[in-house]
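Just so it is clear, none of the values below were taken in a lab; they were calculated from the coordinates. In this text, all values refer to a predicted model and were calculated from it rather than measured experimentally. Every residue, glycine among them, receives a Cβ derived from its backbone with ideal geometry; neighbour counts consider all protein chains shown.
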Amino acid sequence: MSTKQFDVVVIGAGPGGYIAAIRAAQLGFSVACVDAWENAKGGPAPGGTCTNVGCIPSKALLQSSEHYEHAGHAFKEHGIDVAGLSLNLGQMIKRKDTVVKQNNDGILFLFKKNKVSFFHGRASFGGAATADGYPIVVSAPANETINAKQVIIATGSNARELPGAPFDEKLILSNTGALAIDAVPAKLGVIGAGVIGLEMGSVWRRLGSEVTVLEGLPVFLGAVDEQIAKEAGKLFAKQGLSINLGCKIGKISTGKNNVTVEYENAKGEAQSAVFDKLIISIGRTPNTNGLGADKVGLQLDERGFVAVDGDCKTNLPGVWAVGDVVRGPMLAHKAEEEGVAVAERMAGQHGHTNFNTIPWVIYTSPEIAWVGKTEQQLKAEGVAYKAGTFPFLANGRARALGDTSGMVKFLADATTDEILGVHIIGPMASELISEAVVAMEFKASAEDIARICHAHPSLSEATKEAALAIDKRTLNF
Ligand code: FAD
Ligand code: NAI
């Protein structure tokens, strides 16, 4: 085992870590990035949860399953008859794996390009800092000790288990198993109607599963603007997703080929449901296992996250933490923003993360995207606001696409007209939300958007019209 000296060592090569490593290298630091993820052949697979079992593979399967569903139904309306439609699930999963590998390889290429030294193995603090910095011990296959005065912890998160129902990834699935099912389950159970439950539930419903979602809370998508959540609930029910709110999950038991969930429904009635597979998606927990936090006195908060201040500084000098392992939304782009900001702060610059303008997207069909405050938040905070909505039904491009469900909703300050929140449910909401993020970053008013020329015919005209709706001036509705 040898010892190597770097300015910065980044632990974890997910979106938080690999982006921080690249930015730090761009700023002139000598940088090492350590990541433990292994591909099926035992080789390195940088990119973290997001690339391997999160954002990227889920979007690949969402796309494939949407094509399949469109070929079965929507194409007909366009005058395209598809005869002999069949599903090749093996090819669909293989394509998803190829997309993942392209991303893994892309990150290794970017490390080379930016002169980031990559170490494959598990990293832990070897002890207190010396004059050479913190000794970071990296396990096999790298088998190295790295010294660095600055350390960025970006170790991400893991799926949360339900007590008594550990993931076996065969019958009881986390996100990992949910992305690699080898035959479409006739009956699929999902516990948790959050982002993963809705996205993965949509994938398998489109591919033919009867999907039952059991949610603990009595409200659907509580973090989403109520009007949008209500619309989403209606549309998902129409698609055949059975979403059951207010469920109290009891015993979960596995048979040879099925899993039984006992629960109480919202009326307090005892229920029992048998599924071929069960996805549990009830949130994620920060990953600090084996990091050696106790060896250096790294402070964790009461929920196990690495404790950081607003600048991502931990209690240890020169040690920072970003992404899912710290407070805030568990989103890849939030992790990336923090990673860049930390690298810039290390270089004496003013790194910046604006938590008020982080967009959220749920990649269902229709997509749901939002930024800023919801109407219920504004009411609770006693903020005087104006609201404007515009339905995609009245948008020419949406009609041409054959995808007219949903709306764009603007919330603006009643006095200043500053945009406080934008909420979209509809086609390409994930792309449309960027305009709102830019506008809010520049503290634009709804009137600013209403006066900007938007291409015709485009879905973005619905954004302009929703801004016009604030003052009841829509032109096409
Ligand atoms: P991670 O991506 O979890 O990366 C951490 C890395 O650190 C991992 O590679 C891990 O192996 C490694 N590691 C941990 N401990 C050590 C150690 N001691 N030594 C060495 N390496 C270590 N977010 C979005 O914004 N958009 C989406 O569409 C989206 N879809 C998702 C879909 C699913 C199914 C899931 C589960 C998540 C999704 N997310 C999405 C969330 C997103 O994946 C996370 O927010 C993001 O990956 C967090 O990045 P990170 O760098 O903090 O951690
Ligand atoms: P989540 O927080 O989105 O949803 C979890 C759901 O499970 C909630 O509705 C919660 O009320 C419910 N729940 C919790 N405990 C329960 C219990 N005991 N019984 C029944 N229901 C229970 O978490 P999820 O879906 O696991 O995703 C984790 C995180 O990953 C997300 O919060 C998000 O940050 C990230 N993610 C982001 C995506 C995106 O940006 N498109 C896609 C997928 C995940």
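Counting beta carbons within 10 Å around each of Leu401, Leu468 and listing the fewest first gives the order Leu401, Leu468. The phi-based Karplus calculation (6.51 cos²θ - 1.76 cosθ + 1.60; θ = phi - 60°) puts the 3J(HN,Hα) values of region 140-146 at 4, x, 5, 6, 9, 10, 10 Hz, whole numbers, x for Gly and Pro. Dividing the summed -39500 (n - 2.57) terms of all DSSP H runs of n ≥ 4 by the residue count of the chain sets its mean residue ellipticity at 222 nm at -9500 deg cm²/dmol.
Rounded, prolate or oblate: which fits region 172-281, taking a ≥ b ≥ c as square roots of the Cα gyration tensor eigenvalues, rounded meaning a/c under 1.5, else prolate when a/b beats b/c? Judged from the Cα gyration tensor, region 172-281 comes out oblate (a/c at least 1.5, b/c at or above a/b).
Looking at the chain alone, DSSP beta bridges between its own residues are antiparallel in about 60 percent of cases.
The packing ranking, built from the mean of other Cβ atoms within 10 Å per residue, places the peptides 285-296, 233-244 in the order 285-296, 233-244, highest first. Give me the net charge for the shell around Thr288: Cβ to Cβ below 14 angstrom, other residues only, Lys and Arg +1, Asp and Glu -1. That sum, taken over residues with Cβ under 14 Å, equals +1.
Could you grab the relative contact order for region 359-470? Cα pairs under 8 Å, six or more apart, rounded to a whole percent.
Dividing the mean separation by the residue count of region 359-470 yields 32 percent.
Could you work out the local net charge near Ala369, counting Lys and Arg as +1, Asp and Glu as -1, over the other residues with Cβ closer than 12 Å to its Cβ? So the surrounding residues net to -3.
Packing order of peptides 388-394, 48-54, 112-118, highest average first: 48-54, 388-394, 112-118 (average count of other Cβ atoms within 10 Å over each peptide's residues). Bridging of Lys379 to lysines at a Cα separation below 19 Å is possible for Lys230, Lys409, once same-chain residues fewer than 8 apart are set aside. By the rule of a C-alpha distance below 18 Å, with chain neighbours fewer than 8 residues away ignored, the lysines paired with Lys277 are Lys170, Lys187, Lys251, Lys256. The aspartates and glutamates whose alpha-carbon is closer than 17 Å to the alpha-carbon of Lys41, local same-chain residues fewer than 8 away aside, are Asp97, Asp105. Each part gets one Cα centre, and for region 304-340 versus region 71-127 those centres are 27 Å apart. For region 194-203, putting each phi into the Karplus relation 6.51 cos²θ - 1.76 cosθ + 1.60 with θ = phi - 60° gives couplings of x, 5, 5, x, 6, 5, 6, x, 5, 4 Hz, in residue order, rounded to whole numbers and with x for Gly and Pro. Centre-to-centre separation between the Cα atoms of region 386-428 and those of region 189-265: 26 Å. Full extension of the chain segment joining Asn39 with Lys267 gains 77.5 nm, where the gain is 0.36 nm per residue of separation less the Cα-Cα distance.
The ranking of Leu221, Leu316 from fewest to most other beta carbons within 10 Å of each one's beta carbon is Leu316, Leu221.
Measuring nothing but how far apart in sequence close Cα pairs (under 8 Å, 6+ apart) lie, relative to its length, the chain scores a relative contact order of 14 percent. Among the cysteines of the chain, those whose beta-carbon sits 4.7 Å or more from every other cysteine beta-carbon are Cys33, Cys247, Cys312, Cys453.
With a Förster radius of 35 Å applied to the C-beta separation of Lys187 and Gln91, the computed FRET efficiency comes to 0.90. Peptides 6-18, 79-91 ranked from most to least packed give 6-18, 79-91, packing being the mean of other C-beta atoms within 10 angstrom over each peptide's residues. Each residue of region 414-431 was assigned a 3J(HN,Hα) from its phi angle through the Karplus expression (A = 6.51, B = -1.76, C = 1.60, θ = phi - 60°), giving 4, 8, 8, 6, 4, 6, 10, x, 9, 10, 10, 10, x, x, 6, 4, 4, 7 Hz with x at Gly and Pro.
Kindly identify the chain as rounded, prolate or oblate by the Cα gyration tensor criterion: order the square roots of the eigenvalues as a ≥ b ≥ c, call it rounded if a/c is under 1.5, otherwise compare a/b with b/c, prolate if a/b is larger, else oblate.
Oblate shape, in that a/c is at least 1.5 and b/c is the bigger or equal ratio.
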